[in-house]
Structure formats: C-alpha cells, structure tokens
Amino acid sequence: MMGQLDSLVTTYVAEAEEHGRATESGDHKHANVAHDGLIRALHALDMVNPGRSALVQLLEHANPYVRGWAATHLLQSHRQLAEAVLEELASEPGLAGFDASIVLQQWRKGTLSIP
C-alpha cells in the first residue's frame, strides 16, 4: 500500500511542477493537461489511506507550485497549515505568489471549489 501512496504523491508532484512550468511559459494547453493529471492523482490519493493527508509533506516542497497546489487541496482538512503556506506564497513575487493570493481570496469569500 505504501508503494502505491508514494507513487501517487510522486505523480502529483510531477504534475504540479509541470503545471507551473507550462503556466510560466504561457503554454496553456500543457498547463491544462498537467492540471488534469494533477486532479487524477488527487482523486486516486483520496482512495488510498491516508490519502490526501500525504500531501502535508509537500507543504515544505522546494517548488512553489507544488506547495501551492498541496496547500489548496488541504484547505478543508488542514486549514491552518494550508492557509499559512498560501499566505507565505502570496507574499512572494511571481505567478505562484499571485495564484496563492487568488486562492486565499476565493477561499475566504467562500467561492473556491476544491476537488
């Protein structure tokens, strides 16, 4: 079971990193493909115990897009940790910071749909 969990987390990280690269380069087609892969990995994680909680380890990942996606997907279950990571990211320049600020804004308004 642990091998499957590790594999899903690895896939999640790879898709989050690719989404960030594609977003920064303006390649929306590849960003959308990576997003779809990220959501597939998330749904697969939800089927495995401990599932989404495995994303907590990614809140300290070196890649800001990985941290941002993990924090977003943990807002409902690990609110304080996730918000702290998003607030930290939102204070940084660049698209990852901008994305984090929008996620926080929508979350706090109650309009963020989290898969």
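Which entry in [x] 31, 23, 13; [y] 21, 17, 12; [z] 27, 14, 14 is this structure's computed semi-axes √(5λ) of the Cα gyration tensor in Å? Answer by label: [y].
Stokes-Einstein, applied to the Kirkwood radius of region 1-41 over Cα pairs at a viscosity of 1.002 mPa s and 20 °C, places its translational diffusion at 210 µm² s⁻¹. Taken about its Cα centre, the chain carries a charge dipole of roughly 340 debye when the Cβ of each Lys and Arg holds +1 and the Cβ of each Asp and Glu holds -1. Carbon-plus-sulfur accessible fraction, the chain (probe radius 1.4 Å, protein heavy atoms only): 54%. The residues of the chain have, on average, 55 Å² of accessible surface per residue, using a 1.4 Å probe with all protein chains present. Distance from the Cα centroid of region 62-94 to that of region 1-25 is 15 Å (rounded to whole angstrom). With contacts taken as Cα pairs under 8 Å and at least 6 residues apart, the chain reaches a relative contact order of 20 percent.
The values are calculated or read from the model by the stated rules, or taken from the named source; none is laboratory data. For clarity, every value in this text was computed on a predicted model and none was experimentally measured. Cβ: placed from backbone, ideal geometry, glycine included. Neighbour counts: every protein chain shown. Heads up: the accessible areas ignore ligands, DNA and RNA and are worked out on the full protein's heavy atoms, side chains in. Shrake-Rupley method; radii C 1.70, N 1.55, O 1.52, S 1.80 Å.
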